[in-house]
1. I'd like the FRET efficiency for residue 314 and residue 119, computed as 1/(1 + (r/R0)^6) with the beta carbon distance as r and R0 of 35 Å, rounded to 0.05.
2. Please enumerate, by chain and number, the lysines with C-alpha under 21 Å from the C-alpha of residue 193, excluding those fewer than 8 residues away in the same chain.
3. State the extension gain, in nm to one decimal, for the chain segment bounded by residue 297 and residue 228, taking 0.36 nm per residue of separation less the distance between their alpha-carbons.
4. Highest mean first, how do 38-47, 226-235 rank when packing is the count of other Cβ atoms within 10 Å averaged over residues?
5. Assuming 0.36 nm per residue, please report the length gained on full extension of the stretch residue 99 to residue 210 beyond their Cα-Cα distance.
6. Taking 22 Å as R0, compute the FRET efficiency from the Cβ-Cβ separation of residue 266 and residue 173 and round it to 0.05.
7. Once you list every other residue whose beta carbon is under 13 Å from the beta carbon of residue 174, what net charge do they have if Lys and Arg are +1 and Asp and Glu are -1?
8. So what J values fall out for the range 229-235 if you push phi through Karplus, 6.51 cos²θ - 1.76 cosθ + 1.60 with θ = phi - 60°, rounded to Hz, Gly and Pro as x?
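Rule-based calculations on the coordinates, nothing more; no lab input. Values in this document were obtained by computation on a predicted structure and should not be read as measured data. Don't worry about glycine lacking a Cβ; one is built from the backbone with ideal geometry, like all the others, and counts go over all protein chains shown.
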Amino acid sequence: MSPADRIPFNDLSRMEPAVKREIGTAIQRVVDSGWYVLGPEHDAFEAELGAYLGASEVVLLGNGTDALEIALAAVGVGTGDTVVTVANAGAYATIAIRQMDATPLYCDVSPETLLMTPELFTTVLDAAQVVPKAVVVTHLYGGMARVDEIVAIAHARGIAVVEDCAQSLGAQVDGRQAGTFGDIATTSFYPTKNLGALGDGGAIFTNNAELGTLARRMRQYGWASKYSIEFDHGRNSRLDEMQAAVLRVKLPHLDRWNARRRDIHAQYRAASSAAARVVGAPDASFIAHLAVAVVADRPAAKAALAELGISTDVHYPIPDHQQRFPTRRPAPVSLPVTERAATEVLSVPMFPELSDAEVERVSAALASLGA
Ligand SMILES: Cc1ncc(COP(=O)(O)O)c(C=O)c1O
């Protein structure tokens, strides 16, 4: 197979030419403006993203991990607190929880969706020695957890809900956007995300004005006003004008790109079998950030796809509780579905610019794993 026939896992250079041109114009506008941080592009994107999401407060940040840290701090997570989260989502929530000097309490995931469920969340709460301060619900791979039920359980016990929408921006249930169910939500604009910048970026969004204000203070040194610090957990984490201008160009295309991803995913799902089960719901609650197949023999499946010229990746190979943190190692815990998934998940190419022929090749390859 020639290198030209390989299907890349992702290829950001395939951005639509018209969008590329518009981004060029937007960047030139910022260069000419002489205003590079917290200026008009930032303010406009905050308003436009808020309108899209149905969130009264949007706080644009440097990346999605800062967003998680600030969201946790805003809902009051601090030293010695416990925060429930899953251990199969790349450790971003774990890192943020640890940065707050808090401890993650891990919840296993559903074998069907690989997401937290209300039932598993309840089991964790019932077995816990303490009442956790918060739960981070990660809407993984583009799919939404049953967050409304999780919120009801959490709020009944005084637990704050942070929704991590880094992989689910634009997913909806009953017309309501992911991230608008809990107390506060976070997202990332890392370039490969469904709404990706040309560099790092992130955001918090919420309909709670108090949490929005707190987050806005924390992203800029903890200032109440210029040079006057009145809030803890201050840092510098601001989305710059260049990235805000880029994201303003891309946001109006997000639903169309998500629809194309969903369409590709439907074709993969049709090729799904017991030997290569493609994860994800066939409705608006899923925006196909990643196309993940569960395979019994991952090395063999990976090799077979490579032979057919198809690039793959693994999201994620090491569960959070098995990461080798040099200090404060997570306590041993048994998470059977999470641990098994870490050995069985295999991601295949998923981006809107895949050609129809490429999608057909990946679908046929997935089908061949079950043959
Ligand atoms: C689920 C999830 N949460 C958080 C993050 C962190 O975002 P960032 O890379 O912008 O810090 C990412 C992605 O990178 C992610 O996939």
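1. Efficiency at R0 = 35 Å is approximately 0.85.
2. Residue 193 reaches 20, 250.
3. 19.1 nm
4. Taking the mean over residues of other Cβ atoms within 10 Å, the ranking is 38-47, 226-235.
5. 37.7 nm
6. 0.75
7. 0
8. 8, 10, 10, 6, 6, x, 6
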